[in-house]
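Have a look at the structure below before the remarks.
Only the coordinates and a few stated rules stand behind these numbers; no lab work does. All values reported here derive from a predicted model rather than from experimental measurement. So basically every Cβ, Gly included, is an ideal-geometry build from the backbone, and we count neighbours across all protein chains shown.
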């Protein structure tokens, strides 16, 4: 089976019953020829460092990319050591992917909101530590530490990734990171605009724009899946994003904010206890579908396997360097990847 380095998937998509599901997913992904496994972090049974090691143990070729962990949940020496451990364990297949996180959750946990300056400062620290430097008296946006040091014998080039949304994060990704993960349900215009922002920032920073890989995170939900599951993975997933950071989604895609206000004001949505994609039943999802314009759900690979494969290829034509086939496990993706390969 040929490997498609430009295609990735998220392991344990959605709300898995057990993290052990990852083991078969990763084996299936390699057999299918996918090139990268992305790991999202949730504070339940999806702790990124543990999952990274599990992916490494059952794979031989997949790139392993956290998409994403937050820099402020671990001491920088712990994070740097996690990355070097994974780097050596996998023979260079690991990318440490960072993200800004969700403001309301970080407020609730007392962690402090993450800023662009903090992420840039932290990225610089990681690269210095991986090169074997001893960092003395660091005092910057990411924090203050008397001494930071891993191993003076290190001289490692470990890729850094960033899950980027707004223009400031995208520009940061272009000048300081190696992989950029965009968000699901980005319109074609948003995708091309984001790619341009990243590549322009890389060029201004004196980097080769082609060296910064931009990943489209693209909902890939074929008609071979049952309708209730498709509703969950499309309507349910978009509705959950709108619950969490709807203003940012609408602003980024240049959608009509009045539609978001009507969505939030709907009695079912306003009183829904938790994440819609995790808890809503089919009847509730059918109702929520009436609140979302077709154009908001359109940025997705849907239809037959061949139609989905063509839609995925169009993401590459629009400028993405890779496509994360989002919201489905490798078994669900198999017909689409087969069509893509053909």
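Averaged over all directions, how much area does the convex hull of the C-alpha atoms of segment 23-71 cover when projected, in nm²?
The directionally averaged projection comes out at 3.3 nm².
Enter the angle in degrees (range 0 to 90, nearest 10) between the Cα long axis of helix 21-32 and the first principal axis of the Cα atoms of the chain, meaning the one along which they spread out most.
The angle comes out near 90 degrees.
Please work out how much length the chain gains when fully extended from residue 286 to residue 157, using 0.36 nm per residue of separation minus the C-alpha to C-alpha distance, in nm with one decimal.
41.6 nm
Using Cβ contacts closer than 10 Å as the measure, can you line up 276, 77 from fewest to most?
77, 276
For the Cα atoms of the chain, what angle does the longest principal axis make with the long axis of helix 188-204, in degrees from 0 to 90, nearest 10?
10
Going by average Cβ density within 10 Å per residue, which order do the peptides 211-217, 38-44, 135-141, 98-104 take, highest to lowest?
The peptides rank, most packed first, as 211-217, 98-104, 38-44, 135-141.
When only Cα pairs under 8 Å and 6 or more residues apart are kept, what is the percent relative contact order across segment 35-142?
That works out to 23 percent.
Which shape class, rounded, prolate or oblate, goes with segment 1-53 when its Cα gyration tensor gives a ≥ b ≥ c as root eigenvalues, a/c under 1.5 marks rounded, and past that a/b bigger than b/c marks prolate?
Taking the square roots of the gyration eigenvalues as a ≥ b ≥ c, segment 1-53 is prolate.
With a 10 Å Cβ neighbour count serving as the proxy for reagent exposure, in which order, fewest first, do 249, 111 appear?
In order of increasing Cβ crowding within 10 Å: 111, 249.
Between residue 117 and residue 133, with labels modelled 7 Å along Cα→Cβ, what's the label distance in nm to one decimal, could you check?
With each label placed 7 Å out from Cα toward Cβ, I get 1.9 nm.
So how long is each side of segment 270-313 along the principal axes, counting just the alpha-carbon atoms, biggest first, in Å?
Computed over the Cα atoms, the extents are 39, 19, 15 Å.
I want to verify the translational diffusion coefficient of segment 227-308 in µm²/s; compute it with Stokes-Einstein, Rh as the Kirkwood radius over Cα pairs, at 20 °C and 1.002 mPa s.
D, rounded to a whole number, is 164 µm²/s.
Provide the gained length on full extension for the span residue 58 to residue 168, in nm with one decimal, where the gain is 0.36 nm per separating residue minus the Cα-Cα distance.
In short, 35.9 nm is gained.
As an exercise, use a Förster radius of 35 Å and the Cβ-Cβ distance of residue 243 and residue 85 to find the FRET efficiency, rounded to the nearest 0.05.
Efficiency, rounded to the nearest 0.05: 0.50.
Where a ≥ b ≥ c are the square roots of the eigenvalues of the C-alpha gyration tensor, would you call segment 1-152 rounded, which needs a/c under 1.5, or, failing that, prolate if a/b is larger than b/c, or oblate?
Here segment 1-152 falls in the oblate category.
Per DSSP H run of n ≥ 4, the term is -39500 (n - 2.57); total these for the chain, divide by its residue number, and report the mean residue ellipticity at 222 nm rounded to 500 deg cm²/dmol.
Taken over the chain, the calculation gives -14000 deg cm²/dmol.
Given a Förster radius of 45 Å and the C-beta distance between residue 227 and residue 107 as r, what FRET efficiency does 1/(1 + (r/R0)^6) yield to the nearest 0.05?
Efficiency at R0 = 45 Å is approximately 0.75.
The list (i) 64, 53, 41; (ii) 58, 46, 40; (iii) 65, 50, 37 gives values of Cα extents along the principal axes in Å, and only one came from this structure; which label was calculated from it?
Checked against the structure: label (ii).
State, as an integer percentage, the relative contact order of the chain based on alpha-carbon contacts under 8 Å between residues 6 or more apart.
Once normalised by length, the contact order is 18 percent.
With springs only between Cα atoms under 10 Å apart, run a GNM on the chain and tell me which of 171, 301, 31 wobbles the most.
31
Which of rounded, prolate or oblate describes segment 200-342 when judged by the alpha-carbon gyration tensor and an a/c cut-off of 1.5?
Verdict is oblate for segment 200-342.
List residues of segment 68-93, by number, whose backbone nitrogen lies under 15 Å from a label position 7 Å along Cα→C-beta of residue 147.
Residues 77 qualify, since their backbone N sits under 15 Å from the label point.
How much length, in nm to one decimal, is gained on full extension between residue 74 and residue 43, taken as 0.36 nm per residue of separation minus their Cα-Cα distance?
The span from residue 74 to residue 43 would gain 9.8 nm if fully extended.
Rank these for me by crowding, 325, 160, 170, going from fewest to most other beta carbons within 10 Å.
160, 170, 325
Summarise the long-distance tail of P(r) for segment 119-201 by giving the % of C-alpha pairs beyond 15 Å.
62
Please give the helix 48-57 orientation as an angle from the longest Cα principal axis of the chain, in degrees from 0 to 90, rounded to the nearest 10.
Long axis of 48-57 versus the principal axis of the chain: about 90 degrees.
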